[in-house]
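The values are calculated or read from the model by the stated rules, or taken from the named source; none is laboratory data. If you're wondering where the values come from, they're calculated on a predicted model, not measured in any experiment. Reconstructed Cβ throughout: ideal geometry from the backbone, glycine too, with neighbour counts over all protein chains shown. We work out accessible area using only protein heavy atoms, side chains counted, and drop any ligands, DNA or RNA first. Shrake-Rupley method; radii C 1.70, N 1.55, O 1.52, S 1.80 Å.
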Amino acid sequence: MHQNFDGIVKPNTAEAKLLAAIDTQRIPRHVAVIMDGNGRWAKARGKPRIFGHRAGAESVRAIVDTCARMEIKAVTLYAFSTENWKRPRDQISGLMQMLKRYIRRNLKDVHENNIKFQAIGKIEGLTEDVQKEIAMAMETTAANTGTIMSVALNYGGRAEIVDAARHAAANLLEQGKSIDNLTEDDIERNLYTAGLPEVDLLIRTSGEFRISNFLLWQLAYSEIYVTPTLFPDFRRPQVFEAILDYQKRERRFGGIG
């Protein structure tokens, strides 16, 4: 894993020391990120909120690249929640335009780095032009076998569980079985994240101690790392710090250490 950063991380730097301290045998399989603090970052600089989101796009690029080089199986980014529709219309429009630009500008690199792109959430609720960009990116990277980059759009954790339960129950009824036969595995197979590893590490930027309706099912035994760093300032060194903090944890999954 360390060799994947040759020529990227400069020797004899603080970043190099962080990288060297990472135990390659204890890398999380799935990292999820609540990308918070873009607005505050922009406000502190006297700029509109969209300025912070544009800077945050660079953090997305850094996080995905770092996770891919670390050979992390999956990274899931909370980009737009079902609650975010309450924001002013111009902000929403700006975010969607920025999403399209991000896909267009970064798809080539994503594809060349063997990263598989997918969107999770109620994608049908997005505008047709955004859906087309997403579909194009998913089709382009569908055969890639490296890190799976999932972007949560029009996403809500409660809604996901309800959708999964409905689909699982319908499948049982089609098989002539009773709803009483419903299991956790049935629901898990119908989640938006079906097929991905359990989330090992949740990172939340900006110092807020809440999960904001994100991956409620998947976070059951995840380690949670909260940093006061605002999202536009969260880059490769901060990813290394989060991984090192994760590696200090003793994961018991309800048992005794």
*Note the full-extension length gain between LEU219 and SER93 as 0.36 nm times their separation in residues minus their Cα-Cα distance, in nm to one decimal.*
42.4 nm
*If you average the sequence gap of Cα pairs under 8 Å that are 6 or more apart and divide by the length of the range 78-147, what percent do you get for the contact order?*
36 percent
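For the chain, what % of the accessible area comes from carbon and sulfur atoms, probe 1.4 Å?
Working: 6660 of 13410 Å².
Ligands and nucleic acids excluded, carbon and sulfur reach 50 percent.
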_Using 0.36 nm times the number of residues separating THR13 and ASN181, minus their current alpha carbon distance, what extension gain do you get?_
54.8 nm
_Report the Cα centroid-to-centroid distance between the range 49-73 and the range 165-187 in angstrom, as an integer._
38 Å
*Which of rounded, prolate, oblate describes the range 159-230, given a ≥ b ≥ c as roots of the alpha-carbon gyration tensor eigenvalues and a/c under 1.5 marking rounded, otherwise prolate only if a/b is larger than b/c?*
prolate
_Two-site label geometry, HIS167 and LEU244: point separation in nm, points 7 Å out along Cα→Cβ_ = 4.0 nm
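Would you mind classifying the chain by shape? Square roots of the alpha carbon gyration tensor eigenvalues, ordered a ≥ b ≥ c; an a/c under 1.5 is rounded, otherwise it is prolate if a/b is larger than b/c and oblate if not. Could you put the intermediate results ahead of the total?
Numbers: a/c = 1.57, a/b = 1.19, b/c = 1.31.
Verdict is oblate for the chain.
Determine the sum of side-chain charges near LEU230: Lys and Arg each +1, Asp and Glu each -1, restricted to other residues whose C-beta is under 14 angstrom from that of LEU230.
Values: positive: ARG40, LYS43, ARG45, LYS47, ARG49, ARG54, ARG204, ARG235; negative: ASP36, GLU58, GLU208, ASP233.
Around LEU230, the surrounding residues sum to +4.
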_Ignoring everything except DSSP H segments at least 4 long, calculate the 222 nm mean residue ellipticity for the chain; use -39,500 (n - 2.57) per segment, divide by total residues, nearest 500._
-13500 deg cm²/dmol
